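For reference, the structure is listed below as structure tokens.
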Amino acid sequence: MNNNGHGSVLWFTGLSGAGKTTTAKFLEEKLRKQGRRVELLDGDELRDTICKGLGFSREERFENIKRVTYLARLLSRNGVDVLVSAITPYTEMREHARAQLPGYVEIYVKCPLHVCEMRDVKGLYAKARSGAITQFTGISDSYDEPSNPDITLCTSTATLEQNGDTILAWLGHAAPLEKSTSRRD
């Protein structure tokens, strides 16, 4: 996962509730057990800290991603593998991150909207549907589905372990996927 001394940047994109952070945390644990230096940058946590005060207009969302990209680049250039869990709804945002980050790996965490809504413990989708929240990705604001991600995970049909194995296999840190998912323990 090392690119000329840089750590990789695994960028998890998808709708709210798709499973980005859950998958990233699972992977973080696996990589730490392998002795990797790894940091998780969670979009929700970053909005409460370095991106505090930014709204959800297209321009403010892009500013949010620019800040996250900058932080990921700092960590990556010091050999840290960075896991970014952020909706990143627009294609140009992901293109910006890819252009700025050596070792960028786009991971599309794909999940049907109705499943994301069922998983929503904060009630954000219901608030967005009622109009209490505006500019909510997937309801009142668009999500540009990635056209050519490096990895696509389907969290509504595959288990967390299967998705983790898919990423590890892609990164070359696990046995081929066929072997890891065909075991019947």
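No lab work stands behind these numbers, since they all come straight from the coordinates. Small disclaimer: the values here were computed from a predicted structure and weren't measured. When we count neighbours, we look across all protein chains shown, and the Cβ atoms used for this are built from the backbone with ideal geometry, even at glycine.
For the chain, relative contact order (Cα pairs under 8 Å, six or more residues apart, normalised by length) works out to 30 percent. Of all beta bridges that DSSP places with both ends in the chain, some 5 percent have antiparallel geometry.
Report note on the peptides 45-54, 83-92, 14-23: ranked by the mean count of other C-beta atoms within 10 Å, highest first, their order is 14-23, 83-92, 45-54.
Our helix-only sum for the chain, with -39,500 (n - 2.57) per DSSP H run of n ≥ 4 divided by its residues, gives a mean residue ellipticity at 222 nm of -12500 deg cm²/dmol.
Determine the shape class of the chain: with a ≥ b ≥ c the square roots of the Cα gyration tensor eigenvalues, call it rounded for a/c under 1.5, and otherwise prolate if a/b is greater than b/c, oblate otherwise. Oblate. The modelled label-to-label distance between ARG77 and LYS52, using points 7 Å beyond Cα along the C-beta direction, is 2.6 nm. Where a ≥ b ≥ c are the square roots of the eigenvalues of the C-alpha gyration tensor, would you call the range 1-62 rounded, which needs a/c under 1.5, or, failing that, prolate if a/b is larger than b/c, or oblate? It comes out prolate by the Cα gyration axes. Residue ranges 75-81, 118-124 sort as 75-81, 118-124 when ordered by packing (mean number of other C-beta atoms within 10 Å per residue, highest first).
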